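A short write-up of the structure that comes next.
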Amino acid sequence: MTQRIRIGLISDTHNLLRPAALEWLRGSDAILHAGDICDPAVLVTLGAIAPITAVLGNNDVGRFPAGLDETVTVELGGVRIHMIHDISQLTVDPVEGGIDVVVYGHSHRPLVEDRRGVLYVNPGSAGPRRFKLPISVGELILEDGAVRATLFEIEG
């Protein structure tokens, strides 16, 4: 029997959890928040949907108790996922580190890209609209030893 795992991706909520984002995340087996949360209550709400892993963003410094880091690597369904808010601060080589996926935020620009066999995913911003960028969330689907990413644009 094939195991299928759905991981919801969200970033840059800036204390705004849109109903459409919450609806998209329902049915996730886990949720990853790539920073700029701004209020710990956001994590409580997301944690009621599925187990949550989050990293601190530049707007989260000083707002969260100990235990939330700027980077974290998790393994879900045999896939190693490294999380960081600002990709320009990435200090590890994902290929050398055996990382399969890098999830990040900060730019508010949704993106899925393969770099040297590592999947890089920015789910974009699910919070307040910035400039003319879309409001979006994403997902990782882990199935049959493969991982694929999908982005979903939310109507503003």
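Taken together, the values in this text are just the output of simple stated rules run on the coordinates, not laboratory data. Computed from a prediction, not measured in an experiment: that's the story for all the values here. Using ideal geometry, Cβ is built from the backbone for each residue, glycine included, and neighbour counts are taken over all protein chains shown.
Structure notes:
- Value of relative contact order over the chain, rounded to a whole percent, pairs C-alpha under 8 Å and six or more apart: 25
- Using the Cβ-Cβ distance between VAL72 and ARG129 with R0 = 35 Å, the FRET efficiency computed as 1/(1 + (r/R0)^6) comes to roughly 0.80.
- Euclidean distance between Cα centres, region 103-125 to region 1-73, Å: 16
- Loop-located GluC sites (Glu not before Pro) across region 73-126 with a Cβ neighbour count of 15 or fewer within 10 Å are GLU96, with loop assigned by DSSP.
- Average 1/r across all pairs of distinct alpha carbons in region 1-72, invert it, and you get the Kirkwood radius: 12.5 Å.
- Shape call, the chain: gyration tensor on alpha carbons, a/c limit 1.5: rounded
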